[in-house]
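Asker: Take a look at this one; I'll ask things after.
The values are calculated or read from the model by the stated rules, or taken from the named source; none is laboratory data. Keep in mind it's a predicted model, so treat the numbers as computed, not measured. Every residue, glycine as well, gets a Cβ built from its backbone with ideal geometry; the counts of neighbours run over all protein chains shown. Protein only, heavy atoms only, side chains kept; ligands, DNA and RNA dropped before computing areas. Shrake-Rupley method; radii C 1.70, N 1.55, O 1.52, S 1.80 Å.
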Amino acid sequence: MRLFNSLTRKVEDYKPIKSGKTSIYTCGPTVYDHVHIGNLRTYVFEDTLRRVLKAGGYQVNHVMNITDIEDKIFARANETNQDFKTLTAKYEKIFFEDIAKTGIDLHESKLIRASEAITDMQELIRQIPNKYIVDDGIYFDIGNDKDYGRFVTLDRRHEHHRINNDEYDKEQVADFALWKAKKPSEPSWDFKIDGRNIEGRPGWHIECSAMSVKYLGQPFDIHTGGVDLMFPHHENEIAQSRAATGKKLANFFVHAEHLLVDGRKMSKSFGNFLTLENIEAKKFEPMALRLLFLQAHYRSQLNFAWESLSAAQAFLQRLRSWADLVLQPKLGHKRTASINYQSALKVIKHSLSEDLNTPKALSMLSLLTIDAEAYGVDVKKLKPLLAEIDDLIGLDLSKRKDITPEQKQLILQREEARTSKDWSKADQMRHQLKKQGIELNDTDLGPIWYRA
Ligand SMILES: [Zn+2]
């Protein structure tokens, strides 16, 4: 496997710390609203990376946080007059529904809420030597950190300013809050440090450093996230973890590029902010969105357009019709694909192992569907191929449901009607099937059904 490492800005050979194992940490969602489709793009990329590593024989240990303590959460909870736990529970549930629909598999992942890891964060803050306590909280002093600013070229004029916001300017160097002193409008926890109790709550950046290392060790293998998290979030994670232990946080940082809508970054103020709800409201499937994401390389910006989603939906339909051929085994005895499935799979795996080249892997899939349309398929071999493709890119092609026995019977009866030249009866049956979403393609080897 080769992967682009943001730490070195190079594609590198991936070597895990422990042979045969891979530890991955992902910055999870801030659960105060629906995630947008740009966030989903990042999670689909991470899911695919995990799948490819697992299929490559690694035992993958994946951890993701759920940010349920953060400025925007408390602001929203106060605006809407509800307890922050009620708000975060609601959007956490929606988040898990959205990612399941997009084919993201977290059932083997360890998920941790920030609110359940307060003592781990406090322990880490205690270990950081370059911190100072002021009225509104505990700050990380970056003035002493010569390695700070790895991901961006920084304007150091504000070096000795302090920032209390969880998110701040992309180029500004400032000391950031590890712990924020209690505000009347926010929940707070006791924190005994240096002989005092500083009631308050953690800053955002500290949670990822605490949770990743607790479950994955330090350093761990791969830290993932969207490019927008490189600075300040990942920069701060790296700085505070190194300060606490003298060790690096992770060997690889891998970042997914932005998804643009109408050529610009999504924002509620531009009116181009899209969630999965908006996609489904236009009758597109979340899986088509996944396919659209996979059609672009994770390190290129992807400009979302409805026409491209429509094309992805059509491609998904083609892939499914191809996958449905395994449910029509009779075809396999008569027709043979011209592309060798083993070599096709090799091409797909090789593309994915080259810095996750999903567009190249998908173009092989496209060739396979064209081949099947021309020459048919080898059903016995197609079945295991679909399972391997699902393991790698998660399109659920091996989980297709068969048509009902009644529908099969109807196809057979229509064939009989055709044989006895009863065209109107045959047409009527075709119409009946069509109403149930089943279309027929009459070939010289008999009818092939597919779902419209
Ligand atoms: Zn994070």
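Asker: Report the accessible area of Ile448, computed with a 1.4 Å probe over the heavy atoms of all protein chains in place, in Å² rounded to the nearest 10.
Answerer: We get 20 Å² for Ile448.
Asker: Longer than 23 Å from Cα to Cα, which of Lys15/Lys101; Lys18/Lys131; Lys93/Lys399; Lys408/Lys435; Lys21/Lys247 are they? Say none if no pair is.
Answerer: Listed pairs above 23 Å: Lys15/Lys101; Lys18/Lys131; Lys93/Lys399.
Asker: Work through the residues other than Gly246 whose Cβ is under 13 Å from its Cβ and net out their charges, Lys, Arg +1 and Asp, Glu -1.
Answerer: Residues close to Gly246 contribute a combined charge of +1.
Asker: Oh, and also: Just round it to a whole percent: the fraction of Cα-Cα distances in the chain exceeding 42 Å.
Answerer: When all Cα pairs of the chain are counted, 26 percent exceed 42 Å.
Asker: How high is the relative contact order of the chain, in percent, with contacts defined as C-alpha pairs under 8 Å that are six or more residues apart?
Answerer: 16 percent
Asker: Next question, about the same structure. Do any trypsin sites (Lys or Arg not before Pro) in the range 351-413 lie in a loop, going by DSSP, with at most 14 other beta-carbon atoms within 10 Å of their beta carbon, and if so which?
Answerer: Lys401
Asker: If one takes the longest principal axis of the Cα atoms in the chain, at what angle in degrees, from 0 to 90 and to the nearest 10, does the Cα axis of helix 235-245 lie?
Answerer: That helix lies at roughly 60 degrees to the long axis.
Asker: Another question, if that's okay. Please report the net charge: other residues with Cβ closer than 12 Å to the Cβ of Lys182, K and R +1, D and E -1.
Answerer: -2
Asker: Further question: Putting +1 on Lys and Arg Cβ atoms and -1 on Asp and Glu Cβ atoms, find which of Asn130, Phe220, His233 reaches farthest to the positive end of the dipole of the chain.
Answerer: The residue sitting farthest along the positive end of the dipole is Phe220.
Asker: Averaged per residue, what accessible area in Å² does the range 297-452 show with a 1.4 Å probe, protein chains only?
Answerer: Ligands and nucleic acids excluded, the result is 53 Å² per residue.
Asker: How compact is the range 297-365 by the rule of thumb for globular proteins, expressed as Cα Rg over 2.2 N^0.38 Å?
Answerer: With N residues counted in the range 297-365, Rg over 2.2 N^0.38 Å equals 1.38.
Asker: Between Asn272 and Thr419, how high is the FRET efficiency from 1/(1 + (r/R0)^6) when r is the Cβ-Cβ distance and R₀ = 60 Å? Nearest 0.05.
Answerer: Using R0 = 60 Å, I get an efficiency of 0.60.
Asker: Let me ask something else about it. Tell me, what % of the accessible area of the chain is carbon and sulfur with a 1.4 angstrom probe?
Answerer: The value for the chain is 49 percent carbon and sulfur by accessible area.
Asker: Can you compute the FRET efficiency between Lys435 and Gln59 using 1/(1 + (r/R0)^6), with r the Cβ-Cβ distance and R0 = 56 Å? Round to the nearest 0.05.
Answerer: 0.70
Asker: Cross-link partners among aspartates and glutamates for Lys192, C-alpha distance below 14 Å, same-chain residues fewer than 8 apart left out?
Answerer: Qualifying aspartates and glutamates at Cα under 14 Å: Asp120, Glu123.
Asker: Shifting gears a bit: Taking all pairs of distinct Cα atoms, average 1/r, flip it, and tell me the Kirkwood hydrodynamic radius of the range 97-140 in Å to one decimal place.
Answerer: Computed over the range 97-140, the radius equals 13.6 Å.
Asker: Additional query: Going down the table (Lys330/Lys383; Lys110/Lys381; Lys85/Lys248; Lys110/Lys265; Lys85/Lys180; Lys90/Lys268), which pairs top 25 Å between alpha carbons?
Answerer: Flagged as over cut-off: Lys110/Lys381; Lys85/Lys248; Lys110/Lys265.
Asker: With a 1.4 Å probe and every protein chain left in place, tell me how much accessible area Thr42 has, in Å² to the nearest 10.
Answerer: For Thr42, solvent-accessible area is about 20 Å².
Asker: Which angle between 0 and 90 degrees, to the nearest 10, do you get for helix 205-216 versus the longest principal axis of the chain when only C-alpha atoms count?
Answerer: The helix 205-216 is inclined about 60 degrees to the chain.
Asker: Distance in nm between label sites at Leu367 and Lys90, each 7 Å beyond Cα in the beta-carbon direction?
Answerer: 5.1 nm
Asker: Relative contact order for the range 405-451 using alpha-carbon pairs under 8 Å, separation at least 6, rounded to a whole percent?
Answerer: 26 percent
Asker: Could you work out the Rg to Rh ratio of the range 222-371, with Rh taken as the Kirkwood radius (inverse of the mean 1/r over all Cα pairs)?
Answerer: 1.09
Asker: Moving on. Tell me, how many Å apart are the Cα centres for the range 23-83 and for the range 182-242?
Answerer: 15 Å
Asker: Another question about this same structure. Taking R0 as 41 Å, what's the FRET efficiency between Asp135 and Arg264 from their Cβ-Cβ distance, rounded to 0.05?
Answerer: The formula returns an efficiency of 0.55 here.
Asker: In the P(r) worked out for the range 17-270, what percent of Cα pairs fall beyond 26 Å?
Answerer: Result for the distance tail: 40 percent.
Asker: Continuing with the same structure: Once Rh is set to the Kirkwood radius over Cα pairs, what Stokes-Einstein translational diffusion coefficient, in µm²/s, holds for the range 405-451 at a temperature of 10 °C and a viscosity of 1.306 mPa s?
Answerer: It diffuses with D of about 151 µm²/s by this estimate.
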